[in-house]
Amino acid sequence: MMEQELKDKRTCLYDKHVELGALMSPFGGFVMPIQYAGIAEEHKAVREKVGLFDVSHMGEVTVRGKDAERYVQHIFTNDIANAPVGKIYYGMMCYEHGGTVDDLLVYKMGENDFFLVINAANIDKDWAWMQQHAAGFDIDLQNCSDAYGQIAVQGPESEQVMETILGIPCGELTFYSVKTVGDVIVSRTGYTGEDGFEVYATPEYIRQCWDKLIAAGVQPCGLGCRDTLRFEVGLPLYGDELAEDITPLMAGLGMFVKLDKEEFIGKEALAKQKEEGVAKKLVGIELADKAIPRHGYTVLKDGQPIGEVTTGYHTISTDKSVCMALIESQYAALGTEVEIQIRKKTFAGKVVKKLFYEKRYKK
Amino acid sequence: MAKVIEGLYYSESHEYLKVEGNIGIIGITDYAQKALGNVVYVDMPDVDDEVEAGAEFGAVESVKAASDLNSPISGTVVEVNEALEDAPELINQDAYENWIIKVERSDPSEVENLMDAAAYEAFCEKEH
């Protein structure tokens, strides 16, 4: 354990977390805070008021130059053609076979100037993939992951906190848009299903923001509740709902895969999969019992395995045992009765929408 | 500091055993409940199930993860704490008061393999 922690990187806020008494644990190559006050308490702070997350572990890549837009179009499933400056797009990078390299955000900072936000655990893999597919493009590609610190301010009171505590005017930012204040990047984005903002800046600036917010009484939140929050609103996590062998179409993310785009890596395989239908589909399952389905548990139909749980919790907002699971498509219809093997017993459940709590974005 | 009670037996996987004649009362320790955080579900065996020393007999779940429960002794389950079905958080309130199962012991000598309060306290110290 100690050796593992020593190998893991620290974010620019590491000492702040230790000072606050956070439970620290390795995640995605970093030693990260899992919880401070407790997952449930932090989760509720974000749903009801506002919470502060250190997400400095996330990776950042810039793409600039004459062919920047054409390059992003090549590696990204969503369509950024004619995008206005300041708009943000969610989508995936896919393998030729349609499986997922990573899911990411693309920020359009200027004409032929893009800022890509990738998952911490995938930084090395993504960076290699991006470089490998940059041949023939006149671009300047930079991995700036170590240069940026990042915080997320999430919850219904986040706008007020951003403006009054941090002095960053952001009321005019619409959902999934970005602006810069000097060299600070501010976007109306997040991973909780609530209104919120993410701030990318130098480690020094991020540390100042953190101190101000903590001094103002904003609840620090760990990765524990980041996962319960994103799960409740059906947002995927790479490694659970997306993977090399899980395509965006299987994960129900077809709206972020623009098959009418001229070309992108994986387009052919994904178009074929769309035409033929996916063999497995990501669904929600609600259990009648309180037992909790966890990642990797088997989903059964009449005693026969039909898939696996990707993420499951006893939800904090709605007090139900629910999960997302990747199961054979023929059983994916809403209301289908299935079972989940939890240790020695099987528990009855039914297929439901994979949205266990309504999102409350400010559009 | 986690509470340790004199007169109980303790396992390395943080279960306690209270012996009352041929009955063994089994639960998780205060140290274990603190490490888990909010308990949201307890998976318990059925009455008449056999349990075996060192083997899994159920699980305690916090928000984040499931932790196996291992039986400190062998025997037959004679009672499960049904109050935990509706109120698993009782374990966080008092882990010693809120036991999980009662077992009719099949081998009284098995307690010799468990730690006493002093040894368990030292064990937790080291783990921490």
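The values are calculated or read from the model by the stated rules, or taken from the named source; none is laboratory data. Just so it is clear, the structure is predicted and the values come from calculations on it, not from any experiment. As a convention, Cβ positions derive from the backbone with ideal geometry for all residues, glycine included, and neighbour counts pool all protein chains shown. These area figures cover heavy atoms from the full protein model, side chains too; ligands, DNA and RNA do not enter into them. Shrake-Rupley method; radii C 1.70, N 1.55, O 1.52, S 1.80 Å.
Would you say A:Val61 is outside the structural domain of A:Asp211 (by TED's automatic domain parsing), surrounded by fewer than 23 Cβ atoms within 10 Å (Cβ to Cβ), in a strand (DSSP E or B) and at pLDDT 95 or above?
yes
Here's a check for you: in segment B:1-42, which residue that is without any contact (Cβ under 8 Å) to a residue 60 or more places away in the chain and in contact with an Asp or Glu (Cβ under 7 Å, 6 or more places away or on another chain) is most open to solvent (accessible area, probe 1.4 Å)?
B:Asn38
Being open to solvent by 30 Å² or more (accessible area, probe 1.4 Å) and either under 25 Å from A:Gly190 (Cβ atoms) or touching a His at 6+ places or on another chain (Cβ under 6 Å) (or both) narrows it down to one of A:His314, A:His295, so name that one.
Step by step, each of A:His314, A:His295 is checked, and only A:His295 is open to solvent by 30 Å² or more (accessible area, probe 1.4 Å) and either under 25 Å from A:Gly190 (Cβ atoms) or touching a His at 6+ places or on another chain (Cβ under 6 Å) (or both).
Assess whether A:Ala81 counts as being out of contact with any strand residue (DSSP E or B) (no Cβ under 7 Å at 6 or more places or on another chain), touching a residue at least 60 places away in the same chain (Cβ under 8 Å) and surrounded by fewer than 18 Cβ atoms within 10 Å (Cβ to Cβ).
Against the criterion (out of contact with any strand residue (DSSP E or B) (no Cβ under 7 Å at 6 or more places or on another chain), touching a residue at least 60 places away in the same chain (Cβ under 8 Å) and surrounded by fewer than 18 Cβ atoms within 10 Å (Cβ to Cβ)), A:Ala81 qualifies.
Looking at the structure I just gave you, is A:Ala201 surrounded by fewer than 18 Cβ atoms within 10 Å (Cβ to Cβ) and aliphatic (A, V, I, L, M)?
For A:Ala201, the condition - surrounded by fewer than 18 Cβ atoms within 10 Å (Cβ to Cβ) and aliphatic (A, V, I, L, M) - is not met.
Considering each of B:Asp48, B:Asp43 in turn, give the residue that is of a type in the set (Asp, Glu) and within 30 Å of A:Val309 (Cα to Cα).
B:Asp43
Which residues, taken from segment B:43-89, are more than 26 Å from A:Gly296 (Cα to Cα), touching a helix residue (DSSP H, G or I) at 6+ places or on another chain (Cβ under 7 Å) and free of Cβ contacts under 8 Å to residues at least 40 places away in the same chain?
B:Ser74, B:Ala83
Here is a yes/no grid of residues against (1) farther than 26 Å from A:Leu235 by Cβ; (2) outside the structural domain of A:Arg226 (by TED's automatic domain parsing); (3) within 20 Å of the chain's Cα centre (by Cα); (4) of a type in the set (Asp, Glu):
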site: A:Ala120; (1), (2), (3), (4): no, yes, yes, no
site: A:Asp124; (1), (2), (3), (4): no, yes, yes, yes
site: A:Met130; (1), (2), (3), (4): no, yes, yes, no
site: A:Gly171; (1), (2), (3), (4): no, no, no, no
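Just name the residue that is farthest from B:Glu85 (Cα to Cα) out of those in segment A:278-305 that are without any contact (Cβ under 8 Å) to a residue 60 or more places away in the chain and touching a Leu at 6+ places or on another chain (Cβ under 9 Å).
Per the criteria, the residue is A:Val278.
Within segment A:317-356, can you find the residues that are within 23 Å of the chain's Cα centre (by Cα) and open to solvent by less than 10 Å² (accessible area, probe 1.4 Å)?
The answer is A:Ser321, A:Val322, A:Cys323, A:Met324, A:Ala325, A:Ile327.
Of all residues in segment A:265-292 being within 14 Å of chain B (Cβ to nearest Cβ) and buried (at least 18 other Cβ atoms within 10 Å of the Cβ), which is nearest to the chain's Cα centre (by Cα)?
The qualifying residue nearest to the chain's Cα centre (by Cα) is A:Ile292.
Keeping to segment A:278-327, report how many residues are within 16 Å of A:Leu242 (Cβ to Cβ) and either modelled with pLDDT under 95 or acidic (Asp, Glu) (or both).
1
Which one of the conditions (1) within 11 Å of chain A (Cβ to nearest Cβ); (2) of a type outside the set (Asp, Glu); (3) over 30 Å from A:Thr315 (Cβ atoms) does B:Ser62 fail to meet, given that it meets all the rest?
So B:Ser62 meets the others, but not (3).
Any residue in segment A:19-34 that is away from every other protein chain (no Cβ under 14 Å), in a strand (DSSP E or B), over 16 Å from the mean Cα position of the chain (by Cα) and farther than 30 Å from A:Thr315 by Cβ?
no
Kindly provide the set of residues from segment A:35-49 that are under 20 Å from A:Ala120 (Cβ atoms) and either part of a strand (DSSP E or B) or among the small types (Gly, Ala, Ser) (or both), ordered by number.
A:Gln35
Please enumerate the residues belonging to segment B:31-78 that are charged (D, E, K, R) and touching a Phe, Trp or Tyr at 6+ places or on another chain (Cβ under 7 Å).
Passing the criteria: only B:Glu61.
For A:Gln131, are the conditions met, namely being of a type outside the set (Val, Ile, Thr) and without any contact (Cβ under 8 Å) to a residue 12 or more places away in the chain?
yes
Looking at segment A:123-165, which of its residues are open to solvent by 10 Å² or more (accessible area, probe 1.4 Å), among the polar types (S, T, N, Q) and either closer than 23 Å to A:Phe175 by Cβ or part of a helix (DSSP H, G or I) (or both)?
Matches in segment A:123-165: A:Gln131, A:Gln132, A:Gln160, A:Thr164.
Evaluate the following for B:Lys34: is it within 14 Å of chain A (Cβ to nearest Cβ), part of a loop (DSSP other than H, G, I, E, B) and either touching a strand residue (DSSP E or B) at 6+ places or on another chain (Cβ under 9 Å) or at pLDDT below 95 (or both)?
It is false that B:Lys34 is within 14 Å of chain A (Cβ to nearest Cβ), part of a loop (DSSP other than H, G, I, E, B) and either touching a strand residue (DSSP E or B) at 6+ places or on another chain (Cβ under 9 Å) or at pLDDT below 95 (or both).
Quick grid of which residues meet (1) among the charged types (D, E, K, R); (2) closer than 25 Å to A:Tyr95 by Cα:
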position: A:Asp289; (1), (2): yes, no
position: A:Glu308; (1), (2): yes, yes
position: A:Glu339; (1), (2): yes, no
position: A:Phe356; (1), (2): no, no
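Scan segment B:56-79 residue by residue and report those that are farther than 18 Å from B:Met115 by Cβ, open to solvent by 20 Å² or more (accessible area, probe 1.4 Å) and within 12 Å of the chain's Cα centre (by Cα).
Residues satisfying the conditions are B:Glu56, B:Ser67, B:Asp68.
Being over 24 Å from B:Glu112 (Cβ atoms) and in a strand (DSSP E or B): is that true of B:Val40 here?
yes
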